[in-house]
1. Among all residue pairs at least 6 apart or on different chains, which show Cβ distances below 9 Å where the first residue, located in region A:312-330, is under 9 Å from A:V345 (Cβ atoms) and free of Cβ contacts under 8 Å to residues at least 24 places away in the same chain and the second is assigned to a strand (DSSP E or B) and of a type outside the set (F, W, Y)?
2. Against the definition (at pLDDT below 95, closer than 20 Å to B:E875 by Cα and not hydroxyl-bearing (S, T, Y)), how does B:N781 come out, yes or no?
3. Would you confirm whether any residue within region B:557-568 is under 38 Å from the mean Cα position of the chain (by Cα), facing chain A (nearest Cβ under 8 Å) and at pLDDT 85 or above?
4. State the number of residues belonging to region A:260-274 that are polar (S, T, N, Q), over 11 Å from the mean Cα position of the chain (by Cα) and more than 26 Å from A:E346 (Cα to Cα).
5. Identify, please: which residue in region A:189-219 is surrounded by fewer than 19 Cβ atoms within 10 Å (Cβ to Cβ) and part of a strand (DSSP E or B) and is, among those, nearest to the chain's Cα centre (by Cα)?
6. Just one of (1) touching a helix residue (DSSP H, G or I) at 6+ places or on another chain (Cβ under 6 Å); (2) modelled with pLDDT under 95 trips up B:R447, so point out which.
7. Within region A:221-267, can you find the residues that are open to solvent by less than 50 Å² (accessible area, probe 1.4 Å), away from chain B (no Cβ under 13 Å) and part of a strand (DSSP E or B)?
8. Are any residues in region B:682-705 among the small types (G, A, S) and farther than 19 Å from B:H742 by Cα, and if so, which ones?
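The values are calculated or read from the model by the stated rules, or taken from the named source; none is laboratory data. Quick caveat: nothing in here was measured; it's all calculated off a predicted structure. Quick reminder, even Gly has a Cβ in these numbers, built from the backbone with ideal geometry, and neighbours come from all protein chains shown. What goes into the accessible areas is simple: the full protein's heavy atoms, side chains included, and nothing from ligands, DNA or RNA. Shrake-Rupley method; radii C 1.70, N 1.55, O 1.52, S 1.80 Å.
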Amino acid sequence: MSTVASRAGAVAMGALLLLSCGSDFPERSLITDLRVLAVSADPPWVVPTQTSNLTPLVVGTEDPTQLGYRWSWCPLRGPNTSAFECLLPVEQLNAILQPMGFNVPENFYDLGEGETASFPYLFPAEFVEQLCLELRKQEELSRFVTIPDCDEGLFPISVQVDITLGDRIITAYKDVTLVFDLSESRALNALPDISSLGIDVIGANGQELERPINFEETVLFRLGVPDDTDPIAQLADLSETFTTTVTRIGDGEEIIIEAEQTREQLLLSWFSETGEMDANRTGFIPDTLQSDDNPDGLSEARAWDDARTNAWLAPLPGDFEGGATRIYLVLRDFRGGTSWTSTTVEVGDN
Amino acid sequence: MRSLVLAALSLGVAAPAFAQEEEEIEAAEITKYPQILEAVEATYPPVALRQRISAQVALEIEISETGTISDILVTETTTIAETLSATTAVAYGIVRSSTIADYGFGDAAVDAVKRMKFSPAEVEGGIPIPVRVPFSYAFDLPPLPPPPAPPDAQDPNRPKVLVLKGLIRERGTRTRIPGVILTIFREREDGELEAYETTSDRDGSFAFYDLPPGPWRLQGEADAYFPLRDTVRVVVGEVLEVTYYLEKGNYSPYDVLVEVDPVKREVNRRTLTREEIRTVPGTLGDPILVVENLPGVARPAAGSGNIIVRGSGTNDTIVYVDGVEVPLIYHFGGLKSVLPIDVVDTVDFYPGNFSAYYGRGTGGVFDAHIRRLDPDQVHGTLEVSALDVSLFAETPIGDNAAVAVAGRRSVIGDVITAAVPDDANVGIIAAPVYYDAQVLANWTPDRGHDLRFFFLASDDRLEFLFANAADVNPQLTGNQVNTSVNFQRAVLEYRFAPNETYQNTAIVAVGRNFIDFQAADFLFGLESQQFQFRDTARIKLAEGLTLRGGADILASITDIVAALPGTVPTEGQTGATQDLQTLTFANIDDNVSVEIGHFLDLEWTPVKGLSLFPGVRLDYFSEVDQWSADPRLVARYDFSDFFAVKGGAGVVYQQPQGVETSDEFGNPNLGLQRGVQYSLGTEFGFDTEIPILSDLRFDFTFFYKDLGDFVTGSDRFEDGEPLRFDNTAIGRVYGLETFIEHKFANNFRAWISYTLSRSERRDQPGEDFRLFDFDQTHIFNMTASYVLPEGWELGLRLRIISGNPTTPSATLESQRSQFFDDIDGFGNVPGATNSIRLDTFSQLDLRVEKSWTFTFFRLKAFLSIINTWNQENPEGLSFRYDFLDQDFATGLPVFPNLGIRAEF
């Protein structure tokens, strides 16, 4: 019997058996040290002459001015077995592009040392298209890295930022998608911006909490909805509908490749400086919505409510001296769009 | 039969009847005594008549002046036992009891006298008077009827007269016991001992004929049973029927006799019987899991269901059921194999250097032999434990056939479902459950012809729903996981053995494999029709020279539909991160795969003690369109019954896994993988009467395995397409297997197996050798079972095994986390492959069983405790979300399995 099948069964059973297993590691939602929670590229997809602004969300340090930054980018990043090195140094890039008349300077990948960085798409779309086509021919460079399908007209490049604090170094990577198919039908991904939205704190009575949170009290955090906005409309705004080429297995088990309208999947990552989040992440997964194929699925309103809500257990008095603490919420649309918001809550005896 | 009445009336002591008239009567002399006018015959008491007792009853009766009886008093009853010869008493079945007082003679006499008529007594002048007179009533026996004519012993044609027939069964199991020696004897009147003997036949029945009537002592003797002692009474004209249930002196599971091929064509073959398997601690009575305790077998990861033999890969060991390959070995979680123990007679395990009969696997071979049914009546078992419920029932059909059915359903899934807390991030739609069912039949229509049928069906299902899929893996695009794996096989075997020099066995198997796995966007579906044919002929060419050859054909037609990550990691690539978002799709219809094997080997004994087994196997593999030729040789020299040396060398080829040769996920140009196996060893015991020493057997075997052209993941491209896999890997495995066995004796059985091993791989030319994923330097297993009185049995298994190699995290070492915003995850840079080793694994398993034997069934209660001391054995590394800290992922905690088993 197939290795895949036997592994599938083992994985499924293993997943179930391990449900009760846990480790002593701190939850990823708890900020205990220097962390990069997100890197935003605005816009996430860029066209020639456009610039994408890159901003990291760095937390866990009392003095952000001590942080050092080093930004760079790379057209093709290696897998973990090659330590995520850039697989296309400038010399090699030039070797590929020079026959086509392109030549780039030595510091072509350098994006500076600022708190933020900008990626200017200042080279012609043909450059990117040619690069894409050439890379697909470069067998040795492709070592288990998925080379973009040039027919899609999109080429993601990888931006890297090394953030230092004393001896510590954290490296974060962010993809920025270069659009080289500039046809008018091309819809660009927009940033799902939640930076202006608040995080509501809901008490046990289902109402917004007007007082500080008690020690050990469980409250709900919920991504706020502006007063003049319907939650469904807010969801539609954040989870864009886009056209993509979908490969799927048909009812007759045939492989179907077709353009399909689909919704963005949203991932909400929650972080706190103290206390305990019920879930590290929540999400809006369109495949789980009620449909003809999934009659037991959730309604859109319910799915969005579930996704934008998380429970939080306030800390014990011994673990936290009381006072203000920050809550962060990062939203990703799985097409490169990353945005965040945060709030400060008070914890203490009432 | 009537009694004889003696109406002898004695009136010589007559006395006046009334006191007030006493003086007058005395004064008047009786001139006429009462006379019997009408006698009445008393009823002879039947018990007394049967026991040949006569009697004299003395009465006093009062006769009135009118002659009527006014009063009767029994004054004495004297009984007399007729004197009989023993022969007469036996012939007529006369048995006397001493506990009956007067047998009813008194009452019978009174009743008769009351109904008699008398003339009154008279005094002078003819005057009637009342009198009280003594009266005696005698009961005399009628003569015995003539005895039956004795048979004419000289007449050979006279029919034998059946006087006693019986049946011998085993107490508890009701199994008919053949071969019980029965002796019936008595002491004759002349003091001589008269004895006869017979033996219970194959269905446990016996009979005695022409025994003279009377009491006989019956004794029965059978090995391993308490002796039979009884007294029976033979009666003329009657057939006595008896059934005896003999209790086994010891219901040790190790008393079971099984048919084991006595020819050792392999350097090492370990055969385990059903009952041995059932009671080995720690393996839950599973016929495949138990083999983990044998030398050469490494410990797989907990719950993986893998089999690792002599440092070979998890897919390199082939599992057969009576020579037929089965696609799936274990149910979910690897706690139980698909074969329940009740349908298995023995399991043969070959760690290497097996004969040409087997092929297509460079690891080892398991061959589970299905039970040959021979029930004398309906038998069965029912077992309920925390893991599953199983049933087995068998029945004879006529004299030459039998059929059995078996079934099993897991219950552990229900336990897991119940244990999942309500607020867990998972909802179980369908509890993990496995079923399997078997039908067995065998029929021997005539001498030399043997037909067997076996059907096996297995089904595993699991379906669950994540309440918050995003918290499981941010790349999941759905929240439902379901998997269903099932297969069926029908196997028909015909064995033709007309004489001792020729034998042919043909096996046809057909079946279907089915897999349906879906997890979010991942999908894998497979449906495959399977066919296997195997024919083996064996011809004895001369004394000490036997030729065996045959064909082994495996064919399948498979449909596959898949949407899976494009790369499947191979052994040694566990550190690589998989791209779970880029899926590869496949839709394969009617993929025909054919594997044709031919095998030929000789059993040659050129001189006494020396056995040579040269052989060759030719295989064709359609998936890679290649032929292979596998020469094999095994030699053995038995210096005595207690000392032998053995060795072997052989080549085995196997084709890559299906996924590795597929266009979509692998490399269709892959070729065969080659293993060359060498073994050299010795077996010995002690020719001594010293207890313990005499029961010990030792086996030491050195082995070396050279692996070539093995499949490994490839970075290379060919014609612009990634190869994904190529045949560049090589490997070497070497070590020593030690097996020390204390055969069952003095209620004790134990074995110690220790394997010293090293298994290495080199994935690409120019690279260094690295450790194999499951290289375990030291593998120590000890099992011991002790059968105690009163149906108790205790067992333990101790395992101490080197930890598996694993790949460290370079990220952890550098303390530099690498965060990927787009997947909200961290990357782990692996260190050198398998360059560190997990801590040593140790585990103690215990098993306690108590059995009760009733006349018609046996009941057993057992408790198996796996990992008794709850050792936290590391199975792998577990990392913090950013890979800057690590811990060990541990295996199964202590797991008690309580169960009850009824055998009838």
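1. What qualifies is A:A324/A:T344; A:A324/A:V345; A:A324/A:E346; A:A324/A:V347.
2. On the way: at pLDDT below 95: no; closer than 20 Å to B:E875 by Cα: yes; not hydroxyl-bearing (S, T, Y): yes.
Judged against the criteria, B:N781 is not a match.
3. Step one: list which residues in region B:557-568 are under 38 Å from the mean Cα position of the chain (by Cα), which gives B:557-558.
Next, from what is left, pick out any that are facing chain A (nearest Cβ under 8 Å): none.
Scanning region B:557-568, I find no residue that is under 38 Å from the mean Cα position of the chain (by Cα), facing chain A (nearest Cβ under 8 Å) and at pLDDT 85 or above, so the answer is no.
4. Of all residues in region A:260-274, those polar (S, T, N, Q) come to A:261-262, A:265, A:269, A:272, A:274.
Within this subset, residues satisfying the condition of being over 11 Å from the mean Cα position of the chain (by Cα) are A:261-262, A:272, A:274.
Narrowing the set further to residues that are more than 26 Å from A:E346 (Cα to Cα) leaves A:261-262.
Count: 2.
5. A:D200
6. Evaluating B:R447 over (1) touching a helix residue (DSSP H, G or I) at 6+ places or on another chain (Cβ under 6 Å); (2) modelled with pLDDT under 95 leaves (1) as the failure.
7. Listed by number, the residues that qualify are A:F221, A:L223, A:F242.
8. Filtering region B:682-705 down to residues among the small types (G, A, S) leaves B:685, B:694.
Within region B:682-705, no residue meets the criteria.
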